[in-house]
1. Would you check which residues across segment 105-117 are in contact (Cβ under 8 Å) with a residue 40 or more places away in the chain and either part of a helix (DSSP H, G or I) or open to solvent by 40 Å² or more (accessible area, probe 1.4 Å) (or both) and list them?
2. Starting from segment 170-186, keep only residues that are more than 17 Å from GLY304 (Cα to Cα), then list their pairs with residues that are of a type in the set (Lys, Arg) and at pLDDT 95 or above whose Cβ atoms are within a distance under 9 Å, requiring at least 6 positions of separation or different chains.
3. Does any residue of segment 223-234 turn out to be touching a Phe, Trp or Tyr at 6+ places or on another chain (Cβ under 9 Å), part of a loop (DSSP other than H, G, I, E, B), open to solvent by 40 Å² or more (accessible area, probe 1.4 Å) and basic (Lys, Arg)?
4. Right, ALA261: open to solvent by 10 Å² or more (accessible area, probe 1.4 Å), under 16 Å from ALA310 (Cα atoms), aliphatic (A, V, I, L, M) and in a helix (DSSP H, G or I) or not?
5. Suppose we keep only residues that are open to solvent by 30 Å² or more (accessible area, probe 1.4 Å) and within 14 Å of GLU296 (Cα to Cα) within segment 23-34. Which one would you say is farthest from the chain's Cα centre (by Cα)?
6. Would you tally the residues in segment 265-289 being touching a strand residue (DSSP E or B) at 6+ places or on another chain (Cβ under 9 Å) and either open to solvent by 30 Å² or more (accessible area, probe 1.4 Å) or basic (Lys, Arg) (or both)?
7. Against the conditions (1) buried (at least 18 other Cβ atoms within 10 Å of the Cβ); (2) under 24 Å from ILE239 (Cα atoms), where does ASP3 fall short? Just the number, please.
8. Going by the conditions given, is GLU102 of a type in the set (D, E, K, R), part of a loop (DSSP other than H, G, I, E, B) and modelled with pLDDT under 95?
Amino acid sequence: MIDRAAIVAARSQLATQPDFLRTTPLMRLSGKSLGVDCAEVWLKLEHLQVGGSFKARGMLYRLLANPVPDSGVIIASGGNAGIAVAAAAQALGVRCEVFVPEVSPEAKRARLRALGAEVVVTGAAYAEAFEACVARQKATGALQAHAYDQPEVVAGAGTLALEMEEQGGRLPDTVLVSVGGGGLIGGVAAWVESRAHVVALEPERAPTLHAARAAGQPVDVEVGGVAADSLGAKRIGAIGWEVSQRHVHDALLLPDDAIRAAQLWLWKELKLAVEPAAALGLAALQTGAYKPQPQETVALILCGANFDPASLA
């Protein structure tokens, strides 16, 4: 069970490493400045976090909460979770091995290597990389970190929402959250509970939560598209699914062209360089997939920035 108490405990543990994580800024803009008919839009700039994504929170917590053997830590990742684990492992002085799928960008692989991780590229998608990682973990006995479906990982992600509430002096009325495997929305929704409206956003070509809701349980889906490297899980995680059943009422799908347009808008208009997965919230507002009320405050989580910046040209 991931709840607010678990998230408070995660924050307390993370505070023992004060030189690692960053308190990321909260940008508060009028809705009109983004062309949105609402009172205010909050941008939680988590792409400025250590390792370039929110994942640093949960991955550091995973390492702090468990003994790490001499064989170190191992993970399968589309990129962001692996980078977060590698950064935490480097800070703590432990070995790190990361399995990434072939779809992962070279920019993320280079970053992993720069952080001292051994990188293994295998499988067409995350699921295949994960299978190879599990086999390797059984052989080495390394501590396995999961990209999105472990209690420490989800609770760590939830500290983002706790921090946002502190910075804003309150919760926004609505939080729009990108969904891949469900770690981020699991943590955010567990902190928010029923005190604000949490909306799940997915690319049309990676509908893990949407498909699970239609089936009444997690199911495998085909994944692809512009955000597949970071939202490319084939199945929603058990923890994210459980929390979303309790606290997430809306799940929306967005087309790739809208995601790409929002990513470019954030760069051109606000000079915020984020990966496609971080642009789903703005895409939902710009397309009208989510229509806020005039007096509403909406929060967007800019969850990551691990991509090739040349793609913004």
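1. GLU106, ALA107, LYS108, ARG111
2. Taking only residues 6 or more apart or on different chains, the pairs are LEU171/ARG195.
3. yes
4. Against the criterion (open to solvent by 10 Å² or more (accessible area, probe 1.4 Å), under 16 Å from ALA310 (Cα atoms), aliphatic (A, V, I, L, M) and in a helix (DSSP H, G or I)), ALA261 qualifies.
5. Let us first name the residues in segment 23-34 that are open to solvent by 30 Å² or more (accessible area, probe 1.4 Å), namely 23, 25-30, 32-33.
Now drop any that are not within 14 Å of GLU296 (Cα to Cα), which leaves 28-30, 32.
Values: ARG28: 21, LEU29: 22, SER30: 25, LYS32: 27 Å.
Across segment 23-34, the extreme among qualifying residues is LYS32.
6. 3
7. The one condition ASP3 does not meet is (1).
8. yes
The values are calculated or read from the model by the stated rules, or taken from the named source; none is laboratory data. Computed from a predicted structure; not experimentally measured. Reconstructed Cβ throughout: ideal geometry from the backbone, glycine too, with neighbour counts over all protein chains shown. Just the protein is used for accessible areas: all its heavy atoms, side chains included, with ligands, DNA and RNA removed. Shrake-Rupley method; radii C 1.70, N 1.55, O 1.52, S 1.80 Å.
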